[in-house]
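Some notes on the structure that comes next.
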Amino acid sequence: MNSQFDILSAIYNDTKNQKYDYAVLPWGATEPHNYHLPYLTDCYLAHYISVDAVKEAYSQDNIRGMVLPPIPLGAQNPGQRELPFCLHTRYETQKAILTDIVSSLDCQGIQILIIVNGHGGNNFKNMIRDLAVDYPHFLIVVSDWFAIPPQKDFFEEKDDHAGEMETSVLMHYRPELVDLSLAGEGAYSPFKSESLQNGTGWTPRNWAKVSQDTGIGNPKKSSAQKGKLCAEDVSKKLAALFRDLVKGEIY
Ligand SMILES: [Zn+2]
């Protein structure tokens, strides 16, 4: 791995003479993922996908991105916060973290930031709108990586949380962190209310009421090969996004 794209292995000697065109911020959560994936799954996946996408953008378009360390603080639902190690982070806390990162990058002359979000409970849109008021010259874009691939093209079972997609992609990047023999079935009880089910109204799902094993989606058919194909699709699409932003091809 080329360490200058990856803060987890970067050293100052690698970076001191580099100019960066943009920064990528992987943002995850600390939360249980069924019984077979680590608590930091959303951070690992967002991190490795970001590194691959930045490398792809460099090899395709010669643009240089900085991958920041993943943020392990996500917004959690009722029924999750009570579980060991699960860390709920308020909107205000997340916004303060994002604001300080934008301010630091601005000092370094970097004015394009892409948040690669790995956690479904996170929502950055209004923070980005607020920061566009405070930093009008600074472009912030968010991408939920898990929403990019057409899941049916790569997987047999639909993933919502710790199912076939997340498990397969982590098996591709970090197989030693996945133990499928421990996995529950990820069975899911939807809302009884038809109106909440069909999206007429929204409220956060109470995780203790909808899942037995904290998973939503069956991981049993996961494989590293499926994960590799999905990760490659996502990385290529993100690399194309990075190119458009850096080249100013937006409107
Ligand atoms: Zn996850």
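The values are calculated or read from the model by the stated rules, or taken from the named source; none is laboratory data. As the structure is a prediction and not an experimental result, all values here were calculated from the model. Quick note on the areas: whole protein, heavy atoms, side chains included, nothing else; ligands and nucleic acids left out. Shrake-Rupley method; radii C 1.70, N 1.55, O 1.52, S 1.80 Å.
Quick check: from the Cα gyration tensor, does the stretch 148-251 come out rounded (a/c under 1.5), prolate or oblate? Spell out each step's value before the answer.
On the way: a/c = 2.68, a/b = 1.26, b/c = 2.13.
It comes out oblate by the Cα gyration axes.
Which percent of the accessible area of the chain is formed by carbon and sulfur heavy atoms (probe 1.4 angstrom)?
Carbon plus sulfur share of accessible area: 52 percent.
Helix check for the chain. Which DSSP H runs span at least 15 Å along their own axis by Cα, with a mean Kyte-Doolittle hydropathy no less than -1.0?
The answer, listed by residue number, is 41-61, 91-107, 224-246.
So which aspartates and glutamates pass the test for Lys237, namely a Cα distance under 16 Å, with those fewer than 8 places away in the same chain ruled out?
Asp52, Glu56, Asp61, Asp144, Asp153, Glu249
For the chain, set up a Gaussian network in which alpha carbons nearer than 10 Å are linked by springs, and say which option among Gly74, Gly121, Gly215 fluctuates the most.
With Cα springs under 10 Å in the chain, the top fluctuation among Gly74, Gly121, Gly215 is at Gly121.
With every protein chain left in place, what is the accessible area per residue of the stretch 1-131 in square angstrom, probe 1.4 Å?
Values: 5790 Å² over 131 residues.
Averaged over the residues of the stretch 1-131, the accessible area is 44 Å².
How much accessible area per residue does the stretch 141-251 have, counting only protein heavy atoms and a probe of 1.4 Å, in square angstrom?
55
When only the heavy atoms of the protein chains count and the probe is 1.4 Å, how do Asp52, Asp159 rank by accessible area, highest first?
Descending order: Asp52, Asp159.
So how far, in whole Å, is the C-alpha centre of the stretch 16-36 from the one of the stretch 174-235?
Taking the Cα centre of each part, the stretch 16-36 and the stretch 174-235 sit 21 Å apart.
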